[in-house]
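One structure is given below, encoded as structure tokens.
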Amino acid sequence: MVIKSAEFICSNTKTDKLPNPTLPEYAFIGRSNVGKSSLINALTQRKHLAKTSQTPGKTQLINHFLINGDWYLVDLPGYGYAKTSRTNRAEWGKFIKKYLFTRENLQCVFVLVDSRLTPQKIDLDFCCLLGEKGIPFQLIFTKADKLSRVKSEHNIGLFCQSLMQWFEETPPYYLTSAETRLGCDEILTLINEVNLK
Ligand code: GDP
């Protein structure tokens, strides 16, 4: 898919102000600092579409971007920032769950995972939550340029193995880098295929 246009539409702190659910929607989520904003910018080939975080975990907004006038890319607030208070975390949970569980035009959630790390409980728990609710998701392993292919594949293997405790099959995954755009075209191709269905 060629990105002809990428337009910021709105930021919301409440799910009742989201754009009308008339277009297919793809959400991106992960731990604060996982590289979500950088990946969104790499995918759309726009340097500053999503704001890369100076203060991780601070923005608790759902950001909608309209891509090529025919689908929404949704930037969800990151989870698991250590300095966020317990109250903030609980608020995050309620807000995001409401979005994930009720958004009727949501086609797929892309869960971003840092490819440098061994499986983290918070990421696994989030995948389980999606699985329990039957929300389609795929995995995006980020920052691949920061380590060797062997090491990233090793961590991916461990992550998928951990998921197998709960899932019959592992979801599709992409190994990506915002620096080199590794994996970006594959993600856009998947979105295009789903949109054409
Ligand atoms: P977010 O909090 O998940 O939106 O994370 P950001 O996109 O702001 O990225 C967090 C930090 O990781 C920033 O310093 C980025 O420059 C860096 N980063 C993100 N993606 C990559 C990547 O693919 N490769 C490298 N080398 N650095 C990255």
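General remarks:
- The spacing between the stretch 95-123 and the stretch 2-41, judged by their C-alpha centroids, is 13 Å.
- Dipole in debye (nearest 20) - the stretch 52-197, about Cα centre, beta carbon charges: Lys, Arg +1; Asp, Glu -1: 680 debye
- Estimated distance in nm for a label pair at residue 120 and residue 68, the labels positioned 7 Å out from Cα along Cα-to-Cβ: 3.2 nm
- Residues in the stretch 91-128 reached by a label modelled at residue 147 [backbone nitrogen below 14 Å; 7 Å Cα→Cβ]: 113-121
- When each of the peptides 96-106, 8-18 is scored by the mean number of other C-beta atoms lying within 10 Å of its residues, the order from highest to lowest reads 96-106, 8-18.
- For the chain, calculated [θ]222 nm from helices alone, where every DSSP H run of n ≥ 4 adds -39500 (n - 2.57): -10500 deg cm²/dmol
- FRET efficiency estimate (nearest 0.05) - Cβ-Cβ, residue 22 to residue 47, R0 35 angstrom: 0.75
- Cα Rg over Rh - the chain, Kirkwood: 0.93
- Of the residues 191, 66, 157, the one whose Cα sits farthest towards the positive end of the charge dipole of the chain is 66 (charges of +1 on Lys and Arg Cβ, -1 on Asp and Glu Cβ, taken about the Cα centre).
- Under 12 Å from a label point set 7 Å out along the Cα-to-Cβ vector of residue 194, the amide N atoms of the stretch 133-152 belong to 135-140.
No lab work stands behind these numbers, since they all come straight from the coordinates. Please read all numbers here as calculations on a predicted model, not as lab measurements. Cβ coordinates were reconstructed from backbone atoms using ideal geometry, including for glycine residues, and neighbour counts include every protein chain displayed.
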